[in-house]
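K.L.:
Submitted below is the structure of interest, expressed as structure tokens.
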Amino acid sequence: MLDLRQVARHFGGVRAVDGLELTVGDGEIVGLIGPNGSGKSTTVNLITGVFPLTSGAVFFRGQEISDLATHRRLRMGIARTFQNIRLFGQLTVWQNVWVAQNSQEDRAGRGFFARWLGGQAHARDEIARLLEFGGLAHKQDELAANLAFGEQRRLELARALAAKPKLLLLDEPAAGMNSEEIGQLRERILSLRQRGVTILLIEHVMELVMGVADRIVVLNFGQKIAEGSPAEVQADPLVRRAYLGGE
Ligand code: ADP
Ligand code: MG
């Protein structure tokens, strides 16, 4: 599904990502972990095309996408959520999903109004399903800005799913959540995988990432320092040292 080959991104002298090899197989849930500043969000930004690569190549479903614009990658099936929530605060919950659905649509080349008229019922059903999945159906007419934090995170997820992704990149989705919300997020992630969505999960909350990931990749200073099953990675002395700092 996803294949990063010797991917690097430098910001001036900072090697945010430095020669990273990372693959995510079809239907897999891969956890990407590492201390703060280790290059996790930069990796997401490179996969989605927010920044150009300094060197290396990114392949998606066998096709090189290294130079494609973000919206083209989205159309191919790569969607993401942000570490710092980005919603249209002055639009309603429903409108936020509607915008996401429409900004990536139109593969058939139909005009906006034709879609609006012809696809409206179908689109509404789809939005209703996404809001249901996110536990937001009862909030559909609220402004996004007025949602509680956990609800905003769920709206981000619903919005990412509106693009019908094959690969979903989640950048610290559990940050700031309580343990009940984390449990619900875990169920949602597993349910998405069952529906065929491949997931790269960046996460600091170890109980979540260790519980759902098939495989874990550990970054430190932009480089992969370990890779393996959750148990293997947790037992790895290099990983322990990176997290505990020092020695
Ligand atoms: P993580 O998500 O693992 O906490 P990041 O990928 O956000 O780490 O950052 C990795 C490194 O790259 C950090 O040293 C950070 O300061 C730097 N960095 C990230 N984005 C930028 C940017 N747009 N400009 C300059 N430096 C950046
Ligand atoms: Mg980050």
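K.L.:
Given the conditions (1) modelled with pLDDT under 95; (2) more than 29 Å from G176 (Cβ to Cβ); (3) within 11 Å of ligand 1 (Cβ to nearest atom), report the number of the one that Q83 does not fulfil.
P.N.:
(2)
K.L.:
Show the residue pairs meeting these rules: Cβ distance below 8 Å; 6+ apart or different chains; first residue within the range 174-188 and farther than 16 Å from Q152 by Cα; second residue at pLDDT 95 or above.
P.N.:
The qualifying pairs are R186/V212.
K.L.:
Then there's this: Only one of these conditions is not met by M210: (1) surrounded by 19 or more Cβ atoms within 10 Å (Cβ to Cβ); (2) in contact (Cβ under 8 Å) with a residue 40 or more places away in the chain. Which number is it?
P.N.:
(1)
K.L.:
Further question: Out of all the residues in the range 48-59, is one or more in contact (Cβ under 8 Å) with a residue 60 or more places away in the chain and under 21 Å from A158 (Cβ atoms)?
P.N.:
yes
Rundown of residues vs (1) crowded, with 17+ Cβ neighbours inside 10 Å; (2) within 26 Å of E142 (Cβ to Cβ); (3) touching a Phe, Trp or Tyr at 6+ places or on another chain (Cβ under 6 Å); (4) of a type in the set (S, T, N, Q), yes/no style:
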{"position": "G39", "(1), (2), (3), (4)": "yes, no, no, no"}
{"position": "I47", "(1), (2), (3), (4)": "yes, no, no, no"}
{"position": "V58", "(1), (2), (3), (4)": "yes, no, no, no"}
{"position": "T70", "(1), (2), (3), (4)": "no, no, no, yes"}
{"position": "Q83", "(1), (2), (3), (4)": "no, yes, no, yes"}
{"position": "L91", "(1), (2), (3), (4)": "no, yes, no, no"}
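K.L.:
Among the residues of the range 51-80, write down those that are β-branched (V, I, T) and modelled with pLDDT under 95.
P.N.:
If the condition is that a residue be β-branched (V, I, T) and modelled with pLDDT under 95, then T70 is the only one that fits.
K.L.:
What are the pairs, 6+ residues apart or on separate chains, where a residue within the range 136-150 that is touching a residue at least 12 places away in the same chain (Cβ under 8 Å) and under 19 Å from E126 (Cβ atoms) has its Cβ under 7 Å from a residue that is among the charged types (D, E, K, R) and surrounded by 12 or more Cβ atoms within 10 Å (Cβ to Cβ)?
P.N.:
Going by the 7 Å Cβ cut-off, the qualifying pairs are L136/E151; L136/R154; K139/E151.
K.L.:
Of the numbered conditions (1) part of a helix (DSSP H, G or I); (2) in contact with a strand residue (DSSP E or B) (Cβ under 8 Å, 6 or more places away or on another chain), I182 satisfies every one except a single condition; which is it?
P.N.:
(2)
Each row is one residue, and each column tells you yes or no for (1) at pLDDT 95 or above; (2) over 12 Å from the mean Cα position of the chain (by Cα); (3) crowded, with 22+ Cβ neighbours inside 10 Å.
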| residue | (1), (2), (3) |
| --- | --- |
| F133 | yes, yes, no |
| K139 | yes, yes, no |
| A148 | no, yes, no |
| Q152 | no, yes, no |
| L167 | yes, no, yes |
| L170 | yes, no, yes |
| P173 | no, no, yes |
| M177 | no, yes, no |
| E181 | no, yes, no |
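K.L.:
Still on this structure: Does G27 count as within 17 Å of the chain's Cα centre (by Cα), at positive phi and within 14 Å of ligand 1 (Cβ to nearest atom)?
P.N.:
Here the answer is no, as G27 does not meet what is asked.
K.L.:
Hey, among the residues in the range 189-224 that are in a helix (DSSP H, G or I) and within 16 Å of ligand 1 (Cβ to nearest atom), which one's nearest to L157 (Cα to Cα)?
P.N.:
V209
K.L.:
Name the residue that is nearest to the chain's Cα centre (by Cα), counting only residues in the range 10-24 that are in contact (Cβ under 8 Å) with a residue 60 or more places away in the chain and farther than 22 Å from I199 by Cβ.
P.N.:
This residue is A16.
The values are calculated or read from the model by the stated rules, or taken from the named source; none is laboratory data. Keep in mind that this is a model prediction, so the values were computed, not measured. Cβ atoms come from the backbone with ideal geometry, glycine included; neighbour counts cover every protein chain shown.
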